[in-house]
Amino acid sequence: MQKKYKNVLLVGNYQGVTAGGFPLSYPEADEGDPKIIGNGIVNDDDQPIFYYYNKQYPIDTENNPLATPSDVQDIGMVKLDMHVNVDTSQVPNSAHMETFVRPRNIR
């Protein structure tokens, strides 16, 4: 039975697993338990954590952010936008953090 996680950011645990095939993918049966890399994430359905932008952003504001899911080849930049509340009994209600990253080897 799959575990359910709430208010956490997870990454897959593929340590020691070899990717293969085309397109490159990891065998689902070889996945380990996911690793929690963030607690207290309180983004709701109207506040996605990831926004994807094409290679012409910020010049091209008309076509950005891209619709999700997006073709990986169209992505030139990723915005991480998190609302975090690690203790709901304390004020302020949540902290807002955002950053942009540009994946390496973008052509």
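Just so it is clear, none of the values below were taken in a lab; they were calculated from the coordinates. Keep in mind that this is a model prediction, so the values were computed, not measured. Methodologically, a virtual Cβ is constructed for each residue, glycine included, from the backbone with ideal geometry; neighbour enumeration extends over all protein chains shown.
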Review point. Measuring from label point to label point, each 7 Å out along Cα→Cβ, what is the VAL101 to VAL86 span in nm?
Key: 2.0 nm
Practice item. For ILE37 and GLN73, compute 0.36 nm times the residue count separating them, minus their Cα-Cα distance, and round to one decimal in nm. Key: 10.4 nm
